[in-house]
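**Student:** One structure coming up, written as structure tokens, with questions to follow.
We did not get these values from a lab; they are worked out from the coordinates using the rules stated. Computed from a predicted model, the values in this text were never measured in an experiment. Virtual Cβ from ideal backbone geometry, glycine too; neighbours counted across all protein chains shown.
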Amino acid sequence: MMRYMKWAGIGAALGALVGIAIFPVWQAWVNQFQTLITGIAAVLAATITIRTMERTDRESERRHRELVSIQTRPDRLKVSRALFPQIQDLRDIHFELSDLYDGKIEPPPGDDTREWSWVTEVSRRYLPRFDEIDRVLSRHQFQQGIVLFDGPTTRYLDELMEQNQVVRYTLHRHLEIVDAFDPTSNDHYHYHDGFADVFETAFVAIMLTVQLLKRLIASLEFTDRSYAVQGN
């Protein structure tokens, strides 16, 4: 379009010059309105120049976006593999742990027997979910994407893995004692004697794990949106 306008303008200018040379009336008209004609010509030239610059800028921006997209494609692909299906698996686990963070399974009121029953129930019902957290976060494609996570995400991840390890060890140990119940063994005696500390450790680690899991999911969702924006 701009090319056709350019040649049309050149043709019109040549025609005007020929007309001026042939027809004296045109010469007089041009002499009378020379300043106005010069101003109009300057405005038209400036308009054409501005439109050409705008078109060049748009083309440069498009090429820049394409270059950025090409350069970040490997990172976006790595993030995509790290988040899917892992992020949905973590959402599912968090939903299954809803009884814990919604307060439906409340801690017992400082009673040794009730504390023992509470830890036993939580171990049997929710230990597989805590084990699943570890399996999801240990997947190869998730581990490869960690280098692309931002600071808060990696911090939530590190703290979650640390607290979840405490939960898994404590609950697995508790089930070992319960399933191999022997009140005459020293192992059982010492475990039961120090169970108040076991309960406190388990309860705090469980609550922290559930909270950190929620924060990690939100942070991973933000990471997904950030890299999706870069790919547009």
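**Student:** Quick one: order 98, 123, 80 by neighbouring beta-carbon count within 10 Å, fewest to most. All intermediate terms of the calculation are to be shown ahead of the outcome.
**Tutor:** Values: 98 10, 123 21, 80 15.
Placing the least packed residue first, the sequence is 98, 80, 123.
**Student:** Give me 122, 167 sorted ascending by neighbouring Cβ count inside 10 Å, so fewest comes first.
**Tutor:** On the way: 122 22, 167 28.
Sorted ascending by nearby Cβ count, the order is 122, 167.
**Student:** For segment 73-230, taking Cα atoms only, what is the radius of gyration to one decimal and the Dmax to the nearest whole Å?
**Tutor:** Every Cα atom of segment 73-230 included, Rg and Dmax give 18.1, 64 Å.
**Student:** Let me ask something else about it. How would 169, 191 line up from fewest to most surrounding beta-carbon atoms within 10 angstrom? List each step's numbers first, then the result.
**Tutor:** On the way: 169 13, 191 16.
The order, fewest Cβ neighbours first, is 169, 191.
**Student:** For segment 149-232, what percent of Cα pairs sit more than 14 Å apart?
**Tutor:** The calculated P(r) of segment 149-232 puts 70 percent of pairs beyond 14 Å.
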